[in-house]
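Just so it is clear, none of the values below were taken in a lab; they were calculated from the coordinates. None of these values were measured; they are calculated from a predicted model. Neighbour counts run over all protein chains shown; Cβ positions are idealised from the backbone, glycine included.
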Amino acid sequence: MKDGSEVSAKAKDPAGNESAESKGNAGNNAATPDTTAPSAPEVTPSGTDGSVKVKVPSDAEVGDTVEVTVTPEGSNTLKKSP
């Protein structure tokens with residue numbers, strides 16, 4: 001759903017009795033959108049085989065992505081991976 005859009009909800013029991021409707025805004029606080037970037041991922045090279053470990057930042061949130069760019073072995077061209 002769209003960040004800041006209105007959401008409404010109400011409960012209904014098996015007898016058909018309904019609660020009052022409750023309303024709120026979806027996503028981050030619509031009046032104050034999220035403007036803080038997550039910390040940088042941690043890249044740790046292996047000391048034995050040329051591989052690396054990429055650790056997602058601890059302050060990453062659902063929906064955040066980590067983009068990894070590498071030069072594959074035998075190539076001189078960078079390759080991105082979402």
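Data overview
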quantity: Simple Cβ-charge dipole of the chain, Lys/Arg +1 and Asp/Glu -1, about Cα centre, in debye nearest 20; calculated: 140
quantity: Cβ-based charge dipole, the chain, positive-most Cα from ALA37, SER81, ALA9; calculated: SER81
quantity: Sequence-separation-based contact order of the chain, relative, with Cα cut under 8 Å and 6+ spacing, percent; calculated: 18
quantity: Label selected from (1) 17.5; (2) 16.5; (3) 17.8, the criterion being Kirkwood radius over Cα pairs in Å as computed here; calculated: (1)
quantity: Local electrostatic count, ALA9, Cβ distance below 13 Å [Lys/Arg +1, Asp/Glu -1]; calculated: 0
